[in-house]
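Below is one structure, written out as structure tokens; comments come after it.
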Amino acid sequence: MAYDFDEIARDYDRMNHLMTAGLDRCWRKRAVQGLHGKVLDVACGTGDMVVELLRTRHAASLQVTGVDLSEEMLAIAKRKAPQAEYRLADAEHLPFGDASFDAVICAFGVRNFVHLEQGLKEMVRVLKPGGRMAILELATPDNPFILFFYNIYTRRIIPWLGSRIAGNRDAYTYLPSSIERFPKGAAMVDKLKAAGGRTVEHRKLTFGVCRLYILVK
Ligand SMILES: C[S@@+](CC[C@H](N)C(=O)[O-])C[C@H]1O[C@@H](n2cnc3c(N)ncnc32)[C@H](O)[C@@H]1O
């Protein structure tokens, strides 16, 4: 079953910026580079990626649609970035025809899909041939020295912050364990190729605690 983000929607933005010490904004800026035309933001949550898209120099030429499963997250996105269109929809069954978008983006969303391969295939299906898809996802760092400190931070400090700030320790205990279980690097590149990517690039951001995958269909 999908994790219910309605529960944490109210504190999501505050926790996100705090946990990543504001780095999520830098990662988002990298991810929106090169996205043009009609853009679909899958699992758009509270709309931070939409906001970042609308801050780019070519924002005036963008037509952005956000989809998410959580009504509470979408309600915040609609307030924050009313310029985009929003749909309550499941990434694994997108309510759009084949090749409807010039670009697709998904930030910190794919890790929460119940059926990852199905969600990836759907995102590629709605992308035009030659279109670009950017996926941002958290990951464990490869360097054992960095991993040691990362583990302390994600297993001890983040759940503590979750209980103090959001009053929800469980949600922020789920976060590091879901990151550890999720495919990263070459394993994720293989999944994106299997979903229909003609080329897939993988970039490590901030010692690899965040990964940017760029797929061209
Ligand atoms: C960690 S939040 C990321 C939100 C946003 N993209 C961001 O950059 O902050 C994950 C989001 O994925 C959504 N989600 C999870 N599974 C989904 C699915 N199958 N279809 C659509 N949205 C989904 C959740 O409701 C939640 O809003």
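Restricted to region 19-43, and to residues that are of a type in the set (A, V, I, L, M) and surrounded by fewer than 16 Cβ atoms within 10 Å (Cβ to Cβ), which residue is farthest from the ligand (Cβ to nearest atom)? Explain how you work it out, then say what you get.
Step one: filter region 19-43 for residues of a type in the set (A, V, I, L, M), giving 19, 21, 23, 31-32, 35, 39-40, 42-43.
Among the residues that remain, those that are also surrounded by fewer than 16 Cβ atoms within 10 Å (Cβ to Cβ) are: 21, 23.
Working: Ala21: 15, Leu23: 13 Å.
Among those residues, the one meeting the criterion is Ala21.
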Based on what the data block shows, is Thr56 closer than 18 Å to Met123 by Cβ and of a type in the set (Val, Ile, Thr)?
no
Output the number of residues of region 49-62 satisfying the condition of being under 23 Å from Ala9 (Cβ atoms) and either open to solvent by less than 10 Å² (accessible area, probe 1.4 Å) or β-branched (Val, Ile, Thr) (or both).
5
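Of all residues in region 58-85, which are under 16 Å from the mean Cα position of the chain (by Cα) and of a type outside the set (Gly, Ala, Ser)? Steps first, answer last, please.
Step one: list which residues in region 58-85 are under 16 Å from the mean Cα position of the chain (by Cα), which gives 64-70, 73-74, 77.
Those that are under 16 Å from the mean Cα position of the chain (by Cα) and of a type outside the set (Gly, Ala, Ser): Val64, Thr65, Val67, Asp68, Leu69, Met73, Leu74.
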Condition check for Ile76: under 17 Å from Ala195 (Cα atoms), out of contact with any Pro (no Cβ under 7 Å at 6 or more places or on another chain) and either away from the ligand (no atom under 11 Å from the Cβ) or of a type in the set (A, V, I, L, M) (or both)
no
Can you name the residue in region 99-118 that is within 20 Å of Phe5 (Cβ to Cβ) and without any contact (Cβ under 8 Å) to a residue 60 or more places away in the chain and is also surrounded by the most Cβ atoms within 10 Å (Cβ to Cβ) among such residues?
Gln118
If we only count helices (runs of 4 or more DSSP H) wholly inside region 104-196, which ones have 2 or more residues that are polar (S, T, N, Q)?
169-181
Can you tell me which residue within region 183-217, out of those that are closer than 20 Å to Ile152 by Cβ and not polar (S, T, N, Q), is most open to solvent (accessible area, probe 1.4 Å)?
Phe207
Residue within region 134-143 that is touching a Leu at 6+ places or on another chain (Cβ under 9 Å), buried (at least 21 other Cβ atoms within 10 Å of the Cβ) and polar (S, T, N, Q) present
no
From the set of residues in region 81-98 that are outside any loop (DSSP other than H, G, I, E, B) and surrounded by fewer than 16 Cβ atoms within 10 Å (Cβ to Cβ), which is farthest from the ligand (Cβ to nearest atom)?
Glu85
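Between Thr46, Thr65, which is open to solvent by less than 10 Å² (accessible area, probe 1.4 Å), at pLDDT 95 or above and either in a loop (DSSP other than H, G, I, E, B) or farther than 20 Å from Arg169 by Cα (or both)? If you could, list the steps in order and put the result at the bottom.
Details: Thr65 fails: open to solvent by less than 10 Å² (accessible area, probe 1.4 Å).
Among Thr46, Thr65, only Thr46 is open to solvent by less than 10 Å² (accessible area, probe 1.4 Å), at pLDDT 95 or above and either in a loop (DSSP other than H, G, I, E, B) or farther than 20 Å from Arg169 by Cα (or both).
Listed residues Glu92, Glu122, Glu85; which is out of contact with any His (no Cβ under 9 Å at 6 or more places or on another chain) and acidic (Asp, Glu)? Let's see the steps before the verdict.
Values: Glu92 fails: out of contact with any His (no Cβ under 9 Å at 6 or more places or on another chain); Glu122 fails: out of contact with any His (no Cβ under 9 Å at 6 or more places or on another chain).
Glu85 is the lone residue from the list that is out of contact with any His (no Cβ under 9 Å at 6 or more places or on another chain) and acidic (Asp, Glu).
The values are calculated or read from the model by the stated rules, or taken from the named source; none is laboratory data. Note that the coordinates shown come from a computational prediction; the quantities given were computed from them, not determined experimentally. Virtual Cβ from ideal backbone geometry, glycine too; neighbours counted across all protein chains shown. In case anyone asks, the SASA skips ligands and DNA or RNA and just uses the protein heavy atoms, side chains included. Shrake-Rupley method; radii C 1.70, N 1.55, O 1.52, S 1.80 Å.
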